[in-house]
Amino acid sequence: MTILDQSPQTGEIAPVGKLGDRIFGGLARGAGILILVTLAAVALFLLSEAWPALTGDVTVLDGGDTLVEYIGPLVFGTFLAATLALVLATPLAVAVALYITHYAPKRLALTMGYFIDLLAAIPSVVFGLWGITVFAPLLAAHVYPWLEANLSFIPLFAGPASTSGRTMMTAGMVLAVMILPIITAISREVFLQTPRLHEEASLALGATRWEMIRQAVLPYGRSGVISGAMLGLGRALGETMAVAIILSPADLYTLNLISNQNSNTIAANIALKFPESSGLEVNRLIASGLVLFAITFAVNAGARRIARAGFSGAAG
Amino acid sequence: MTATLSAPSDQAPSGKNPLSSGRLGTMQHAGIGLAAIAIGILATIVSGGFKWGWALIFAAISYVVLIYVVARLLEDRRQATDRLATAVMTMSFVLVLFPLVSVAWTVISKGSARFDATFFSETMRLTPEQLASQNDGAEVGGAIHAVYGTLMVTGLAALLSVPIGLFTAIYLVEYGRGRLARWTTAMVDVMTGIPSIVAGLFAYALFVLVFGPGTRSGIAGSVALTVLMTPVVIRSAEEMLRLVPDELREASFALGVPKWKTIVKIVIPTAIAGILTGVTLSIARVIGETAPLLVTAGLAQDTNLNPFSDRIATLPVYTYQLYKFPTLPPQASIDRAWAAALTLVVIVGILFTIARVMSTILKPKGLR
């Protein structure tokens, strides 16, 4: 730290520590600018490496798909898996957050909060291994045959049911387990911030606990829950390893959640193909990564907007 | 907290007390629970064969239905809805615990098979004799090279992202006014949401332009992890710096201390516990990242201590590759993959514990 040595102890005419301030302030400012530069670099470098695929002819590669034909099913699969995860995880996460903040004994609540934070940090590859070893066989043995037998008139469960369990449904459910801690953590935080006076006023008027939650807690926390869900959606969209391990992919569009033929996701497709790819194939994969970047960018921007609009509204 | 205010009659004996008359008592509640369990067990037996899983599911569903119906009959509609909400909330919590506990249990039980001294002393560069001995069940091969790789790649990422993150946080809290600060805040949010695979592709693209196509190196992996880690460091450091009371800064300025010295000597020491906790947690967050390392660092069979050239094995990629592409005999590879997964979870757990201990020990007196 050379900055420390330059501390001007003499302090004659110039304001004390002017040089130190300039250097330190410059470093801080530089770091801020570096963030902007990095983000621009991410977009630029991806674009430059995707360029040959964007402008060139990718139909010469195996499959003979154009770029849109290649990325289309992947975008579809990405949204399908993420939506499935979000639909499954959000209600549960809100219920768990409410249980922790308003029902559980305080001591248990603290421990649970810590446990859930820990779960959010468990590597995705571990969830993937668990999904394919434990969860997929369980679902394939007990749930999918039943769904196929009783609900196959719904396109989602048309079957034929996979015997390995490596389906979109399994992938979506594992993703749900993975994003649940994130949504729970954020919901828990906003629920805890509910003004105590609102809650007590509601109870004092004779509301039951559930009525109090509906009147005071949920309206206050709604925007927080939504932005938490959007964050979870962002994570589910970009989640790679769990899907790459679990899903048995095919190059098609399908809403069928329980068969062996599934639309792959962008991220999982990159992880599966990248290590063996070269030349234009790599450029094509990077082009699909650029699309994923754009999608998550839009989702996060949306989450930001909702969070900002919501929080200022909730204060009033 | 508010629970004590809401339902004073939950524990009160039913009957005489005017406050709790017309309310379900503890005994009735227990009765409903037992009835639900009985229905659950009966339902599985009737529908062909008793199974624990189905019995639990049926019992849970029938409890939710029963408590609502009974409360509806004995109490009123509002109480019934309240009891239904409580039951649903509790059931969701229990339901969520199942997969989470199952993940923990699976990793421990399957990972402990090869979680031994050999695993932490050997690499995957095996002699033909060792490879052959696997068929007789010998436990050879390990992941020490991947442990070194993970520590090195993550360490380099921390070395890059902690100064950048800390200075950015200082900029945002102490200096940031105007458009640049607003843009930086917005972009940090965007950066938080970058998918890990995209960060990996970025690092790959960057190093391809410098070193030519197909290049793999540890430093590329570190750059990818830096992109993921920096926003987390910024967010937590920013939050901690904002907690430092302005009175401390003002007192320092009043004594004629320059701003940078105030930050270095007053603000950062006050917030250091929170900052270090945040850094530790951000390391825990990225140490298990697989996708970016898969495309940047690849996998090696042997120890590589030079992050600037050639492939480097890391624990997450090691786990993935050995599971997805097992060598013969497959069970040996899969056991190693699980042991590596357990190692990762243990590392994450240790980092979490360190963070927790640090935040309690280093916290300055008088704050919070």
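Please treat every number below as a calculation from the coordinates, not as lab data. In this text, all values refer to a predicted model and were calculated from it rather than measured experimentally. Reconstructed Cβ throughout: ideal geometry from the backbone, glycine too, with neighbour counts over all protein chains shown.
Mind putting a number on the dipole of segment B:51-188 about its Cα centre? Charges go on the C-beta only, +1 for Lys and Arg and -1 for Asp and Glu, and I need it in Debye to the nearest 20. Display every interim value, and only then the final one.
Working: 11 positive and 9 negative charges, 169 e Å.
Charge dipole of segment B:51-188: 820 debye, to the nearest 20.
Express in % the proportion of alpha carbon pairs of chain A at distances exceeding 24 Å. So the portion of pairs separated by more than 24 Å is 65 percent. Highest GNM mean-square fluctuation among A:Leu285, A:Leu197, A:Leu19, for chain A modelled with Cα contacts below 10 Å: A:Leu19. Relative to the longest principal axis of the Cα atoms of chain B, helix B:178-192 runs at roughly 70 degrees. Applying a DSSP loop filter and a limit of 15 other Cβ atoms within 10 Å to the chymotrypsin sites (Phe, Trp or Tyr not before Pro) in segment A:235-306 leaves A:Tyr253. Compared with the dominant Cα axis of chain B, that is its longest principal axis, helix B:52-74 is turned about 50°. Applying a threshold of 24 Å to the alpha-carbon distances of A:Lys273/B:Lys324; B:Lys51/B:Lys324; B:Lys110/B:Lys324 flags B:Lys51/B:Lys324 as lying beyond it. Considering the options B:Pro326, A:Ala89, B:Leu255, tell which one lies farthest towards the positive end of the dipole of the protein assembly as shown, charges being +1 on Lys and Arg and -1 on Asp and Glu at the Cβ, about the Cα centre. Looking along the dipole axis, the top candidate is B:Leu255.
So what's Rg/Rh here for segment A:175-316, counting alpha carbon atoms and using the Kirkwood radius for Rh? List each step's numbers first, then the result.
Details: Rg = 20.7 Å, Rh = 17.9 Å.
Rounded to two decimals, Rg/Rh equals 1.15.
Taken as Cα centroids, segment A:256-312 and segment A:149-164 sit 27 Å apart, rounded to the nearest whole angstrom. Farthest toward the positive end of the dipole of segment B:107-203, out of B:Gln130, B:Ala199, B:Ala143, is the Cα of B:Ala199, where the dipole comes from beta carbon charges about the Cα centre. Of all the options B:Pro163, B:Pro99, B:Pro269, the one that moves most in a Gaussian network model of chain B with Cα springs shorter than 10 angstrom is B:Pro99.
A straight line joining the Cα centroids of segment B:259-286 and segment B:72-95 runs 45 Å. Checking every one of the chymotrypsin sites (Phe, Trp or Tyr not before Pro) in segment A:141-188 against DSSP loop status and a limit of 13 other Cβ atoms within 10 Å picks out A:Phe153.
Helices from chain A with mean Kyte-Doolittle at least 0.0 and a Cα length along the axis of 15 Å or more, per DSSP H: which?
Numbers: long enough: A:18-55 (53 Å, 1.26); A:67-98 (45 Å, 1.98); A:106-120 (21 Å, 0.91); A:168-192 (35 Å, 1.82); A:218-238 (30 Å, 0.64); A:280-315 (53 Å, 0.93).
Flagged H segments are A:18-55, A:67-98, A:106-120, A:168-192, A:218-238, A:280-315.
The percentage of C-alpha pairs in segment B:204-347 whose separation is greater than 26 Å is 46%. Each eigenvalue of the Cα gyration tensor of chain B, multiplied by 5 and square-rooted, gives one semi-axis; in descending order these are 48, 38, 17 Å. Restricting the calculation to alpha carbons of the protein assembly as shown gives Rg and Dmax of 27.6, 94 angstrom.
Taking other C-beta atoms within 10 angstrom as a stand-in for reagent exposure, B:Asp302, B:Asp335, B:Asp310 fall in the order B:Asp302, B:Asp310, B:Asp335, fewest first. Based on C-alpha pairs under 8 angstrom that are at least 6 apart in sequence, chain B has a relative contact order of 18 percent. Once each of the chymotrypsin sites (Phe, Trp or Tyr not before Pro) sitting in a DSSP loop with at most 14 other beta-carbon atoms within 10 Å is removed, chain B keeps B:121-307 as its longest stretch.
Charge dipole of the protein assembly as shown (Cα centre as origin; +1 on each Lys and Arg Cβ, -1 on each Asp and Glu Cβ, all else neutral): 2000 debye, rounded to the nearest 20.
Where does each of B:Thr343, B:Thr230, B:Thr81 land when they are ranked from fewest to most other beta-carbon atoms within 10 angstrom?
Numbers: B:Thr343 22, B:Thr230 27, B:Thr81 17.
Ordered from fewest to most neighbouring Cβ atoms within 10 Å, B:Thr343, B:Thr230, B:Thr81 come out as B:Thr81, B:Thr343, B:Thr230.
Can you sort B:Thr314, B:Thr106, B:Thr150 so the residue with the fewest Cβ neighbours within 10 Å comes first? Write out the running numbers ahead of the final one.
Values: B:Thr314 36, B:Thr106 19, B:Thr150 27.
So the residues, fewest neighbours to most, are B:Thr106, B:Thr150, B:Thr314.
For chain A, modelled as a GNM whose springs connect Cα atoms under 10 angstrom apart, the maximal fluctuation among A:Asp251, A:Asp57, A:Asp21 occurs at A:Asp21. Computed about the Cα centre, the dipole magnitude for chain B is approximately 1020 debye when only Lys and Arg (+1) and Asp and Glu (-1) carry charge, each at its Cβ.
Centre-to-centre separation between the Cα atoms of segment B:181-220 and those of segment A:189-223: 43 Å.
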